[in-house]
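The values are calculated or read from the model by the stated rules, or taken from the named source; none is laboratory data. From a predicted model like this one, the values you see are computed outputs, not experimental measurements. Ideal geometry is used to build each Cβ from the backbone, glycine not excepted, and the neighbour counts take in all protein chains shown.
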Amino acid sequence: MNIHIIEKINEALQVIIKCPKADEEVMKLKAHIEAFSGKLRAKDGDRIFLVNPLDVFYFEAVDNRTFLYMEKEVLEIKERLYELEELLSQKDFIRTSKSRIVNINKIKSLKPELNRSMTAEMQNGEIISISRHYAKQLRTLLSI
């Protein structure tokens, strides 16, 4: 990997990917880079917000609408969960149910349940459930 620093560049950060073909792996890398530098557009009524994804506690789909939950705010976004999975870093965000993606950096504690599911206490005190199917992936990601 090469990094070229150009001190007198008149542009914003620029990333160039050189590859023999734009396969699925390259497209995932592109999406990850775009998500890293990009902000999510969210709305609350007629107000539009630009949100850093790392400030989001979790995303949830409810009645064909997608919401992002921050420490004290809930905003609506146009992206669907499957689109967010492509945009967001898989090291920071993980699917925890069919209707939720969680920022693992905002998890305060985890509690295993009898049916092999889990509950997570978020840093804002909110308790969310993690389905049995996705709990296994979370345990693997966190090496627990």
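For residue 26, state whether it is out of contact with any Leu (no Cβ under 9 Å at 6 or more places or on another chain), of a type in the set (A, V, I, L, M, F, W, C) and either modelled with pLDDT under 90 or on the phi > 0 side of the Ramachandran plot (or both).
yes
Only one of 46, 55, 92 is of a type in the set (Asp, Glu) and out of contact with any strand residue (DSSP E or B) (no Cβ under 9 Å at 6 or more places or on another chain); which?
From the options 46, 55, 92, the qualifying one is 46.
Could you say whether any residue in segment 84-98 is charged (D, E, K, R), surrounded by 14 or more Cβ atoms within 10 Å (Cβ to Cβ) and at pLDDT 95 or above?
no
Scan segment 85-144 for residues that are assigned to a loop (DSSP other than H, G, I, E, B), under 21 Å from residue 53 (Cβ atoms), of a type in the set (Ser, Thr, Tyr) and more than 12 Å from the chain's Cα centre (by Cα) and jot them down.
Within segment 85-144, just 99 meets the criteria.
Which condition number in (1) farther than 29 Å from residue 45 by Cβ; (2) buried (at least 16 other Cβ atoms within 10 Å of the Cβ) is the one that residue 115 fails?
Among (1) farther than 29 Å from residue 45 by Cβ; (2) buried (at least 16 other Cβ atoms within 10 Å of the Cβ), the lone unmet condition for residue 115 is (2).
Looking at segment 50-70, which of its residues are farther than 12 Å from residue 84 by Cα and either part of a strand (DSSP E or B) or polar (S, T, N, Q) (or both)?
Correct list: 50, 51, 52, 62, 64, 65, 69.
Out of the residues in segment 1-23 that are at pLDDT below 70 and not charged (D, E, K, R), state the one that is nearest to the chain's Cα centre (by Cα).
Checking each candidate, the answer is 13.
Name the single residue, out of those in segment 29-53 being surrounded by 12 or more Cβ atoms within 10 Å (Cβ to Cβ) and among the small types (Gly, Ala, Ser), that is modelled with the highest pLDDT.
Looking at the filtered set, the residue picked out is 42.
Return yes when residue 106 is in contact with a strand residue (DSSP E or B) (Cβ under 6 Å, 6 or more places away or on another chain), among the basic types (Lys, Arg) and surrounded by 13 or more Cβ atoms within 10 Å (Cβ to Cβ) and no when it is not.
Spelling it out, residue 106 is indeed in contact with a strand residue (DSSP E or B) (Cβ under 6 Å, 6 or more places away or on another chain), among the basic types (Lys, Arg) and surrounded by 13 or more Cβ atoms within 10 Å (Cβ to Cβ).
Exactly one of (1) more than 12 Å from the chain's Cα centre (by Cα); (2) over 27 Å from residue 48 (Cβ atoms) is unmet by residue 78. Its number?
(2)
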